[in-house]
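S.K.: Have a look at this one.
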Amino acid sequence: MNKVVYSQWSKPAKDEFVGFNSKEAFANCAELSVLNSKKWFDKVELVTDEKGYKFLIDDLNLPFTDVKVELDCLNHIPKINWSIGKIYACKIQDEPFMHQDFDVMWFKKPPARILEAQAAFQNTETTENTHGFYKPLMEDAKDKDFKLNKYCNLDLIRAYNCGIICFNDLSKIKEWYDLAIDYINKNKNNLPLTPIFFEQFLIYNFLEYYNFKVEILGKDWIDEKTAVKYGYTHLISESKRKKDIEEKVAIKLAKTKSLLGI
Amino acid sequence: MLFKKTKKKPVINITKGEDEEVIEFYNEFGVGLNNIIR
């Protein structure tokens, strides 16, 4: 595996710096992420739309090796389905890849067991901490005729955190996308977090159905010791909005650029 | 993508030098915060 993919579908975003406090905070984290990815992978690709291109390339000048402007084709889909942009970016790949969120950074080369796996993700999500998110969506699906029902155990909470999505075996990704689109088209509920259902819950069950050999960095969570061992950072949720974290990211970026001579 | 709704607690304590300066980060469920301070 020698390719990392980032994606940004602009339609769901309330602002350009999704989840971060400011454009600067987003830009610092995104650049730190991309610069580190370029240490370990020859190809670092962005999949986005016209608006995303203007922001990430024209404005921020993030140093991707390749850019695909393809996600405007999703703009007929309601913006609540924000994760479909990631799945689409995975679907159009034609070689082994790791999809990486902008708030994910590898400060060390990812381990071989991840890079060589049939598929790999950050960690499983099976504990009671996630019940509140998945359970209502699972119960709702039981009464519906979503195509994904065939592949999913709707009584067991089993999902993958998709901070990273790795595939060496690309054979099932289009079917994952098609199942997600079927869910989006038929879904009439107003439940929150439906995107995690057709992204994180579905992909766990779907790959299990096909007996994929899946690797994870950690089971249900990644403790600090493990994260340091792998040089892996994911500024999930509120952590990216903490002022002290923002400052540390800015300092780390400056150090990184200095070491790289840029 | 998800976060755990558990009680906020410090997850990193770094002791530096003789003054034993302790830097505490509050994890709001970020992973690998130690990596960005090195």
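S.K.: In the stretch A:17-27, is there at least one residue being crowded, with 16+ Cβ neighbours inside 10 Å and among the polar types (S, T, N, Q)?
M.R.: Taking every residue of the stretch A:17-27 in turn, none turns out to be crowded, with 16+ Cβ neighbours inside 10 Å and among the polar types (S, T, N, Q).
S.K.: A follow-up question, please. Checking A:Ile203 against (1) of a type in the set (A, V, I, L, M); (2) over 18 Å from the mean Cα position of the chain (by Cα); (3) under 15 Å from A:Leu137 (Cα atoms), only one condition comes out false. Which one?
M.R.: If we test A:Ile203 against (1) of a type in the set (A, V, I, L, M); (2) over 18 Å from the mean Cα position of the chain (by Cα); (3) under 15 Å from A:Leu137 (Cα atoms), just (2) comes out false.
S.K.: Go through the stretch A:176-262 and tell me which helices (runs of 4 or more DSSP H), entirely inside it, have 3 or more residues that are at pLDDT 95 or above and in contact with a Leu (Cβ under 9 Å, 6 or more places away or on another chain). Reasoning before the result, please.
M.R.: Details: elements: A:202-209, A:224-230, A:243-260.
Output list reads A:202-209, A:243-260.
S.K.: Please state which one of A:Lys219, A:Lys150, A:Lys229 is among the charged types (D, E, K, R) and within 12 Å of another protein chain (Cβ to nearest Cβ).
M.R.: Working: A:Lys219 fails: within 12 Å of another protein chain (Cβ to nearest Cβ); A:Lys150 fails: within 12 Å of another protein chain (Cβ to nearest Cβ).
Criteria check complete, one pass: A:Lys229.
S.K.: Between A:Lys54, A:Lys39, A:Lys79, which is surrounded by fewer than 16 Cβ atoms within 10 Å (Cβ to Cβ) and touching a Pro at 6+ places or on another chain (Cβ under 9 Å)? Spell out the reasoning first.
M.R.: Working: A:Lys54 fails: touching a Pro at 6+ places or on another chain (Cβ under 9 Å); A:Lys39 fails: touching a Pro at 6+ places or on another chain (Cβ under 9 Å).
Just one listed residue meets the conditions, A:Lys79.
S.K.: Something else now. Filter the stretch A:153-175 down to the residues that are more than 23 Å from A:Asp103 (Cα to Cα) and either within 14 Å of chain B (Cβ to nearest Cβ) or not in a helix (DSSP H, G or I) (or both) and list them by number.
M.R.: Answer for the stretch A:153-175, where residues must be more than 23 Å from A:Asp103 (Cα to Cα) and either within 14 Å of chain B (Cβ to nearest Cβ) or not in a helix (DSSP H, G or I) (or both): A:Asn153, A:Leu154, A:Asp155, A:Leu156, A:Ile157, A:Arg158, A:Asp169, A:Leu170, A:Ser171, A:Lys172.
S.K.: Against the definition (over 17 Å from the mean Cα position of the chain (by Cα) and in contact (Cβ under 8 Å) with a residue 40 or more places away in the chain), how does A:Glu116 come out, yes or no? Before the answer, list the steps.
M.R.: Details: over 17 Å from the mean Cα position of the chain (by Cα): yes; in contact (Cβ under 8 Å) with a residue 40 or more places away in the chain: yes.
The answer is yes for A:Glu116.
S.K.: From the list A:Ile87, A:Ile80, which residue is assigned to a helix (DSSP H, G or I) and in contact (Cβ under 8 Å) with a residue 60 or more places away in the chain? Break it down into steps so the answer makes sense when it comes.
M.R.: Values: A:Ile80 fails: assigned to a helix (DSSP H, G or I).
After applying the criteria, what remains is A:Ile87.
S.K.: What are the residues in the stretch A:195-216 that are of a type outside the set (Phe, Trp, Tyr) and within 13 Å of chain B (Cβ to nearest Cβ), if any? Give the steps one after another, and end with the answer.
M.R.: So the first thing to find is which residues in the stretch A:195-216 are of a type outside the set (Phe, Trp, Tyr), and the list is A:195-196, A:199-200, A:202-203, A:205, A:207-208, A:211, A:213-216.
Once the filter is applied, which keeps residues that are of a type outside the set (Phe, Trp, Tyr) and within 13 Å of chain B (Cβ to nearest Cβ), the stretch A:195-216 yields A:Pro195, A:Ile196, A:Glu199, A:Gln200, A:Ile203, A:Ile216.
S.K.: If the requirement is being within 22 Å of B:Val31 (Cβ to Cβ) and without any contact (Cβ under 8 Å) to a residue 60 or more places away in the chain, which of these qualifies: A:Lys219, A:Lys172, A:Lys186, A:Lys248?
M.R.: Numbers: A:Lys219 fails: without any contact (Cβ under 8 Å) to a residue 60 or more places away in the chain; A:Lys172 fails: within 22 Å of B:Val31 (Cβ to Cβ); A:Lys186 fails: within 22 Å of B:Val31 (Cβ to Cβ).
Selected residue: A:Lys248, the only one of A:Lys219, A:Lys172, A:Lys186, A:Lys248 that is within 22 Å of B:Val31 (Cβ to Cβ) and without any contact (Cβ under 8 Å) to a residue 60 or more places away in the chain.
S.K.: Turning to a different aspect of this structure: Give me a count of the residues in the stretch A:86-110 that are of a type outside the set (Phe, Trp, Tyr) and away from chain B (no Cβ under 14 Å). If you could, list the steps in order and put the result at the bottom.
M.R.: Of the stretch A:86-110, the ones of a type outside the set (Phe, Trp, Tyr) are A:86-87, A:89-96, A:98-101, A:103-105, A:108-110.
Checking the rest, the ones that are also away from chain B (no Cβ under 14 Å) come to A:89-96, A:98.
Of the residues in that region, 9 qualify.
S.K.: Right, another one. Residues to consider are A:Leu32, A:Leu46; find the one that is surrounded by 17 or more Cβ atoms within 10 Å (Cβ to Cβ) and part of a strand (DSSP E or B). Can you show your working first?
M.R.: On the way: A:Leu32 fails: part of a strand (DSSP E or B).
Result of the check over A:Leu32, A:Leu46: A:Leu46.
S.K.: Please work out if A:Lys144 is among the basic types (Lys, Arg), more than 29 Å from A:Tyr232 (Cβ to Cβ) and in a helix (DSSP H, G or I). I'd like the intermediate steps shown before the answer.
M.R.: Numbers: among the basic types (Lys, Arg): yes; more than 29 Å from A:Tyr232 (Cβ to Cβ): yes; in a helix (DSSP H, G or I): no.
No: the conditions fail for A:Lys144.
S.K.: Let me ask something additional. Out of A:Asn129, A:Asn123, which single residue is assigned to a strand (DSSP E or B) and not aliphatic (A, V, I, L, M)?
M.R.: On the way: A:Asn129 fails: assigned to a strand (DSSP E or B).
Matching residue, one of A:Asn129, A:Asn123: A:Asn123.
The values are calculated or read from the model by the stated rules, or taken from the named source; none is laboratory data. Keep in mind it's a predicted model, so treat the numbers as computed, not measured. Quick reminder, even Gly has a Cβ in these numbers, built from the backbone with ideal geometry, and neighbours come from all protein chains shown.
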